[in-house]
Amino acid sequence: MKHIWKRIVSVAMAGAMGIMAMGLTACSDTVILDMENPVITVMLPTFQTVSADEEGPVVEEIERYVAEKMGVPNLEFELKWAANSNYGEKVTAAMGAGNWPHVMLITERTSTIIQNSRAGNFWDLTDELKATTTDENGETVYKYPNLAETDDMINHNISVDGRIYGLYRAREIGRAGVTVRDDWIDNLHAKGALSFGSDHINDITLDEFEEMLYAFKDDDPDGDGQNNTYGMVVAGADYIAGPLNNLVVWNGAPNAWGYSEEEGKILPDYMFPEYEEMITRMRKWKADGVINRDMDTFSSTNWDNPFLQSQAGAIIDVADRARRVANNIKDLNPNAVVDVFGFARKSADQEPVTLPTTGYSGYFVLPVASLPTEAHRDFMLKVMDILNDTYVSDLLNYGIVGTAYEEVKNADGSTDIKVDPPTAHYAIIENPDGTKSAIKSTDQARVNEYNDLNQFGMGYVTSEITTYYSTQVAKTVNDVYQTNKLYKLPNYAEAYISPTYSRHSTQLDAIMSSATTKYISGAIDLDAWYAERDRWLDQGGQKVIDEMNEFYEADTDKVTAESIRKDNHKVQFEEGVMQWLTPEEAAEFQREADLGPEAAAETEAPAEEVLEGAAETVEDAAAAADAKAQAEKPSMN
Amino acid sequence: MAKTQKAALSAQDKAAAKAKTWTKLKRDKWMYLLLLPGTLYFIIFKIIPMWGVLIAFKDYFAGVSFLKAPWIGFDNFIDFFSDVSFWQLLRNTLIISLMNLIFFFPLPIILALLLNEIRVQWYKKALQTLVYVPHFVSMVVVTSITFMLLKTPAMESATGGIITELARKLTGNPDVNILANGPAIYWILLLQSIWKETGWGTIIFLAAIAGVDVEQYEAAIVDGASRFQQLIYITFPAIMGTIVTMFILRMGSVLDTGFEQIILMQNAINREYSETFDTYVYQYGRVEGNYGYSTAVGLFKSIISIICIQTANRAAKKAGQTGLF
């Protein structure tokens, strides 16, 4: 009998040990990259219910292409998908368990990420991105030609203590935009209730914007004789930042953080009088019913609904919202015309200001644990470089290209796109303006083969193919992006991570977004708002300001009013928009352009001499620039 | 008595006792075998992971080895207690928890007593089933229903949720927005819990009531006790033990406010009133990866829970009730 007892115990103990052993091995799954026969694990967020299978044709084609360029016989990607909703938590957990993939996307710059960057757990890529090497012809070329295309401002945005630890995923910078009901504007203009028509919205001022919102509410824009419309949908509380930040920036306040001349330091936007002025204006809009009454608790998930139901006439958010809204409103109201514009100006004689995005959505880090040597790092960087080839980025975004497509009308009125051959995912169509668009197969089995793969794209090199949209407004959205970029106002403190802020951001942000929402909705007055702002300072805000200013002082590449003006004016010059340039600026840009960028960089030291030499021609250049501006003007409208 | 017995044991007796234990073990071996999986479960999943508590005393972040992280003593605790949010978190946690204890805890008992008084069996059974239903409704759905009831209309000409409309009529204020009223969140959370869990909470009390000796009622009827007197003098004292047990258990989770419900109802306006230890630790500890800090908070909560359970247990014993242990 005794031995049975023993046996039971030993079996049970063995089982327990087994479970524990399994637990322990699960703890550390880090595999050092084998460069001869690479299997690259990648951690990515998913948005769809079915994400692309790594054995699927699109991933296999990418693997084949990368393997060939890397000169290895076989290369595999192992995609570790994690749901986007708790992706940040998954990243932290993976690092906590010492479970390092070879490439990992970081979506939030949490304190853990910062600590890991400082501790040297991610490769420092600052000196690698634009590293050069000598090719077989003895010429100096970029080691990673695609990675060299990365933008300095965005690299600065993702830096930690001035060092770059990742490869960002590029996103549209000039993405902000106002979606409006164009037909309403024209109706009101025709009635004489509005002083301008729909052709004026690209040149609108804040006062005109306000006039429009009031007309949307008071003057029956849909012409049904009922008082059933209002001006603009604003989502409150946690979501107030969207519309509010655009409005305050248009009004002259900074984008989140800006430099205050009086204080001589950088401060958050709510410390500026222009901010106060704008929220007071919004308070009036709210009281007059121009903004939705349920603003305080209106969630951004329902943002489109009042617009789609023809209750509200404007939404300030991202410009591409117009594309979706235009698509969806067709079924509900075939007469609705949706348009989009980028900004309103404080006054007609002032240069516009627009709210840019940070320019990126997360970045890829290369963990040292799984890529222990510089050879590993360089290997991985080369792979990431190849992934930026337009051939791969097209595969990631659209799948495999077919030769032809046809539209098939279904019995229920919907249209299906069939691509030939049936194993392909999209076909290319030529647009009237010569550009190319991808028209995607609607076969779900095909879509599933590249679903979510776009999460692996970085987009440093622009593909000639764009997604095909059938609406006119989709084209306007691209114009808005381009125009917005000319007048962007960067956040002075984007790159800095204040320890106090990363610690208390939820609480601190809640104080101000709650106070501002309450002030706009009329629940508290300006004095109470000031009191809340003081509370913000007390609860850590003052410390945040101090810390941010320490970073700002120490930054050798800091954002200043001068640097913003120079950057924007340079882009304006390149795009031929001369309206806001001084003749001197125009001349300097012209001279730089004549010399070519490399030459300009080389002659940086003796620049003064050149300047003096160029001084005589400044006036000539200015005249030329003016003439160019005149010539370009019509195309701007 | 146990003490004196032990003291009286001589070495010989001890040896005898040992042999006796062994025979007992042998005799009940199948019982012990049955006990084994449960014991293993507690050892593997509850006792062994306890060493992880050490993290609370280390400067650890996800990405360094747990063993290599430096010891920092009570820094995480000091950090937590000196946190500007600490008092706010404590206040919210206690208010939400105590409101639950005062208003919600008695309700299942009352409902169970009421249900017990129903004499028509099919009606009683039907009602009982009905009151269980909300327990099976997901919290997400409960939240959506709440939002629908409390919705403020976008325009003056539109209508909102039924409760908001009522409040608008009663107060004459067209801008009523209950969801944008900070402290109202306490009541909303309480009412949600009551609606969802009261019925389910009756189960244990109904079971206790079912166990009351029928003869006692018969004797009371002979003595001429009314239905109400039977309830007060027989049923209620009979289930008092269960009530006390439930109360002591409830005291153990006085700092647990639940997480899902609050996260779902939270917005920037009510965050000042709805942020509790659980939600804060989720955000700062788990999402941001400050495991040491969140372990320290967890440890603090466990210590408070033990104190609460012990206190409640002693108080119950003093009051003449049988405690939990």
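The values are calculated or read from the model by the stated rules, or taken from the named source; none is laboratory data. The structure presented is a predicted model; accordingly, all values stated were derived computationally and were not measured. A quick note on method: Cβ atoms are made from the backbone with ideal geometry, for glycine too, and the neighbour counts reach across all protein chains shown. All accessible areas refer to the heavy atoms of the entire protein, side chains included, with ligands and DNA or RNA removed. Shrake-Rupley method; radii C 1.70, N 1.55, O 1.52, S 1.80 Å.
Here are some notes:
- Seen against the Cα atoms of chain A and their longest principal axis, helix A:542-554 is set at about 80 degrees.
- Spatial separation of Cα centroids for the stretch A:292-329 and the stretch A:448-489, in angstrom: 21
- Each of B:T276, A:Q444, A:A256 was scored by the projection of its Cα onto the charge dipole of the protein assembly as shown, and the greatest displacement toward the positive side belongs to B:T276; charges sit on the C-beta of Lys, Arg, Asp and Glu.
- The angle between the Cα long axis of helix A:241-250 and the main principal axis of chain A comes to about 40°, on a 0 to 90 degree scale.
- Per-peptide average of other Cβ atoms within 10 Å, ordering B:193-201, B:312-320 highest first: B:193-201, B:312-320
- Counts of other chain beta carbons within 10 angstrom of each beta carbon in peptide A:81-89 average 1.
- If R0 is 56 Å, the Cβ-Cβ spacing of B:K26 and A:E78 corresponds to a FRET efficiency of close to 0.55.
- The stretch A:133-199, Cα convex hull volume normalised per residue, Å³: 183
- A simple rule links phi to the HN-Hα coupling: the Karplus curve 6.51 cos²θ - 1.76 cosθ + 1.60 with θ = phi - 60°, which for the stretch A:345-350 gives 9, 5, 8, 5, 9, 10 Hz, with x for Gly and Pro.
- Here the simple spin-label model places points 7 Å from the Cα toward Cβ, and for B:L35 and A:K418 these points are separated by 7.2 nm.
- When DSSP beta bridges are restricted to pairs lying wholly in chain A, around 65% turn out antiparallel.
- Built amide H within the under 5 Å cut-off of A:T467, gap 5+: A:A438
- Taking Lys and Arg as +1 and Asp and Glu as -1, the other residues whose beta-carbon sits under 10 Å from that of A:D416 total -1.
- Relative contact order of chain A, defined on C-alpha pairs under 8 angstrom at six or more residues apart (%): 17
- Solvent-accessible area lost in complex, 30 Å² minimum, residues of the stretch A:287-331 relative to chain alone, 1.4 Å: A:R293, A:D294, A:D296, A:T297
- Under-5 Å amide H pairs with A:Y230, H placed in peptide plane, nonlocal only: A:A312, A:G313
- Gyration tensor analysis over the Cα atoms of chain B returns equivalent ellipsoid semi-axes of 42, 37, 18 Å (largest first, whole Å).
- Computed about its Cα centre, the charge dipole of the stretch A:357-483 is approximately 180 debye, with only Lys, Arg, Asp and Glu carrying charge at their Cβ.
- Karplus-derived HN-Hα couplings along the stretch A:476-486 (A = 6.51, B = -1.76, C = 1.60, θ = phi - 60°), whole Hz, x at Gly and Pro: 4, 4, 5, 5, 4, 3, 5, 5, 4, 4, 6
- Distance from the alpha carbon centroid of the stretch A:193-208 to that of the stretch B:7-81 works out to 74 angstrom.
- Projected onto its three principal axes, the C-alpha set of the protein assembly as shown covers 115, 74, 67 Å, listed from the longest axis down.
- Dipole of chain A [Lys/Arg +1, Asp/Glu -1 at C-beta], most positive-end residue of A:L129, A:N146, A:Y501: A:Y501
- Calculated FRET efficiency for the pair B:M50/A:K346, C-beta based, R₀ 41 Å, to 0.05: 0.10
- Under the convention that each Lys and Arg Cβ holds +1 and each Asp and Glu Cβ holds -1, the size of the dipole of the protein assembly as shown around its Cα centre is about 9020 debye.
- Helix-derived mean residue ellipticity, 222 nm - over the protein assembly as shown, DSSP H n ≥ 4, -39500 (n - 2.57), to 500: -15500 deg cm²/dmol
- All other residues whose Cβ lies under 15 angstrom from that of A:N228 are scored, Lys and Arg at +1 and Asp and Glu at -1, for a net of -3.
- Amide H contacts of A:Y360 (H built 1.01 Å from N, under 5 Å, at least 5 apart or other chain): A:R171
- For the peptides B:289-299, A:376-386, residues were scored by their other Cβ atoms within 10 Å and the scores averaged per peptide; the highest-first order is B:289-299, A:376-386.
- Counting, for every residue in A:506-513, the Cβ atoms of other protein chains within 10 Å of its Cβ and taking the mean gives 5.
- Inter-chain Cβ neighbour count for A:112-118, averaged per residue, equals 4 (cutoff 10 Å, partner chain atoms only).
- Extent along principal axes [Cα atoms of the stretch A:533-599; Å; largest to smallest]: 53, 27, 17
- Relative to the longest principal axis of the Cα atoms of chain A, the long axis of helix A:374-387 lies at roughly 50 degrees.
- Entries of A:K80/A:K488; A:K90/A:K418; A:K518/A:K558; A:K418/A:K475; A:K488/A:K558 with Cα pairs more than 27 Å apart: A:K80/A:K488; A:K90/A:K418; A:K518/A:K558
- Taking Cα centre as origin and charging only the Cβ of basic (Lys, Arg, +1) and acidic (Asp, Glu, -1) residues, the dipole magnitude of chain B rounds to 1540 debye.
- Listed residue (A:P273, B:A62, A:G289) projecting farthest to the positive dipole end of the protein assembly as shown, Cβ model: B:A62
- Gyration tensor (alpha-carbon) shape descriptor, the stretch A:346-453, a/c threshold 1.5: oblate
- Vicinal HN-Hα couplings computed from phi for the stretch B:150-165 (Karplus, 6.51 cos²θ - 1.76 cosθ + 1.60; Hz; Gly/Pro x): 9, 4, 9, x, 6, 10, 5, 7, 9, 10, x, x, 5, 5, 4, 4
- The stretch A:105-142 versus the stretch B:198-245: alpha-carbon centroid distance in Å: 73
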